[in-house]
Amino acid sequence: MSNIEVVGLGALNIDHIYRVERILDDGESVVNESISSPGGSAANTIYGLAKLGINTGFIGVLGDDAEGKTLLQDFQKAGVDTSQIRVKPKARTGSVLCLSDKLGRRSLYVSPGANSLLAIDDLDLTYINQAGWLHLSSFADDRQFRVLLELIDRLDVSTRISFAPGALYASKGLKGLLPILSRTHVLFINQDEIRQLTGKDVIAGAETCLEQGCHIVAVTLGKGMRLESGGAIAVSYIRDAGNKYIIEPHSQNVVPEVDTTGAGDAFATGFIYGLLKGKGLQECGLLGGIVARLSMNKVGARQGLPHFKELARYYRKLCNKQL
């Protein structure tokens, strides 16, 4: 499919989400709700882009089991090209145990399964380079990290990379991630991860990531924080070489917050959509925030992701203009 605009590469998992009263260090708590649903950081973003009408594809590895079939079917219903997803016989599809409490805190436990079988031979360079945009997220095992480094080295220089390292890769530090950061067009990272990656606060950390070669750094800030004394509350902070953009909370709630699982992936969906449509970084940040907010309306990473008409409706409501 030569018309694909964005290709995703990352772990493919079934998320087992348990909504609990509170996350515990030790003790006992009540499970209020539990669901199992498709997940994986880059996979969620690619799914979200497909729902918005973007031609997308995904590269990854599944087990030959019922969970793997569920993940494939979920992609296919959204219109994602799955021709590059490999099914490994006798392997189990990856899974994540997610505890999520009413304060918005989460605790994730990853069982990589078939994801740990991804090899460089599973990656079609022509497929990625024809799209011209690769969205990357993390794997649990170091072997797959080395596969990503080899892939980055082989990609056409014209292929843009967006990168969501997550906590697993942020813990590798700047030196470990430099081969990817130096090729990254957009870095998607949250406030905790940027501190983990750089050892600095949000503003200084974003500057450091630009110095490593990132063109754009988009930092999500959860429920919001004040970045500078006397400054406005921000829900995201965007930097490029010449400008900074403070994205403030909407003056009205888009939807009630139910579950924050996958909110960062949803932000990346809206942000990349904006870039593909030629929007400026301020508008990309706004779109990312709207998609993230809509995604939190339902439990799980994908159920609340909007179709284009829904996004356009909320964008018009909040920004008083057409998308």
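The values are calculated or read from the model by the stated rules, or taken from the named source; none is laboratory data. On a predicted model such as this, the values are computed, not experimentally measured, just so you know. Ideal geometry is used to build each Cβ from the backbone, glycine not excepted, and the neighbour counts take in all protein chains shown. Heads up: the accessible areas ignore ligands, DNA and RNA and are worked out on the full protein's heavy atoms, side chains in. Shrake-Rupley method; radii C 1.70, N 1.55, O 1.52, S 1.80 Å.
Which condition does Glu28 not pass, out of (1) surrounded by fewer than 24 Cβ atoms within 10 Å (Cβ to Cβ); (2) closer than 21 Å to Ser295 by Cα, if it passes all the others?
Against the list (1) surrounded by fewer than 24 Cβ atoms within 10 Å (Cβ to Cβ); (2) closer than 21 Å to Ser295 by Cα, Glu28 comes up short only on (2).
Report every pair of residues separated by at least 6 positions or lying on different chains whose Cβ atoms are under 8 Å apart, first residue within segment 152-164 and modelled with pLDDT of 95 or more, second among the acidic types (Asp, Glu).
Going by the 8 Å Cβ cut-off, the qualifying pairs are Ala164/Asp265.
Within segment 166-206, track down each residue that is crowded, with 17+ Cβ neighbours inside 10 Å, among the aliphatic types (A, V, I, L, M) and part of a helix (DSSP H, G or I).
Across segment 166-206, the qualifying residues are Leu168, Ala170, Leu177, Ile180, Leu181, Ile194, Leu197, Val202, Ala206.
Output the qualifying pairs, or none if there are none: Cβ atoms under 8 angstrom, residues six or more apart or on different chains, first residue in segment 83-110 and under 24 Å from Ala263 (Cα atoms), second residue modelled with pLDDT under 95 and of a type in the set (Asp, Glu).
Correct list of pairs: Ser95/Asp15; Val96/Asp15; Cys98/Asp15; Ser100/Asp259; Asp101/Glu21; Lys102/Glu21; Gly104/Glu257.
Take the conditions among the polar types (S, T, N, Q), within 19 Å of Thr261 (Cβ to Cβ) and open to solvent by 50 Å² or more (accessible area, probe 1.4 Å) and apply them to Thr70. Does it pass? Even if it seems obvious, please write down each step before you answer.
Details: among the polar types (S, T, N, Q): yes; within 19 Å of Thr261 (Cβ to Cβ): yes; open to solvent by 50 Å² or more (accessible area, probe 1.4 Å): yes.
Criteria met by Thr70.
Would you check which residues across segment 131-152 are more than 22 Å from Val80 (Cα to Cα) and open to solvent by less than 40 Å² (accessible area, probe 1.4 Å) and list them?
Gln144, Phe145, Val147, Ile152
Condition check ((1) part of a loop (DSSP other than H, G, I, E, B); (2) open to solvent by 60 Å² or more (accessible area, probe 1.4 Å); (3) at pLDDT 85 or above; (4) closer than 30 Å to Leu210 by Cα) across all residues:
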| position | (1), (2), (3), (4) |
| --- | --- |
| Ile238 | no, no, yes, yes |
| Asp259 | yes, no, no, no |
| Arg313 | no, yes, yes, no |
| Gln322 | yes, yes, yes, no |
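Can you tell me how many residues in segment 88-130 are open to solvent by 50 Å² or more (accessible area, probe 1.4 Å), β-branched (Val, Ile, Thr) and more than 17 Å from the chain's Cα centre (by Cα)?
Residues meeting the conditions: 1.
With the condition being under 18 Å from Val96 (Cα atoms) and of a type outside the set (Val, Ile, Thr), I'd like the strands (runs of 3 or more DSSP E) fully within segment 1-78 carrying at least 3 qualifying residues.
Per the criteria, 13-20, 31-39, 56-63.
Is it the case that Leu49 is surrounded by 21 or more Cβ atoms within 10 Å (Cβ to Cβ) and closer than 23 Å to Ala268 by Cβ?
yes
Could you give me the residue pairs with C-beta distances under 7 Å whose first residue belongs to segment 202-216 and is at positive phi, whose second residue is among the small types (Gly, Ala, Ser) and not in a helix (DSSP H, G or I) wherever it lies, and which are 6+ apart or on separate chains?
Every condition considered, the pairs that remain are Gly213/Ser182.
Only one of these conditions is not met by Gly289: (1) modelled with pLDDT of 95 or more; (2) touching a strand residue (DSSP E or B) at 6+ places or on another chain (Cβ under 7 Å); (3) open to solvent by 10 Å² or more (accessible area, probe 1.4 Å); (4) not hydroxyl-bearing (Ser, Thr, Tyr). Which number is it?
(1)
Can you tell me which residue in segment 207-219 is nearest to Gly173 (Cα to Cα), limited to those that are open to solvent by 30 Å² or more (accessible area, probe 1.4 Å) and not in a helix (DSSP H, G or I)?
Once the filter is applied, the top-ranked residue is Gln212.
Does segment 272-280 contain any residue that is farther than 17 Å from Gln322 by Cα, of a type outside the set (Phe, Trp, Tyr), assigned to a strand (DSSP E or B) and touching a residue at least 24 places away in the same chain (Cβ under 8 Å)?
No, segment 272-280 contains no residue that is farther than 17 Å from Gln322 by Cα, of a type outside the set (Phe, Trp, Tyr), assigned to a strand (DSSP E or B) and touching a residue at least 24 places away in the same chain (Cβ under 8 Å).
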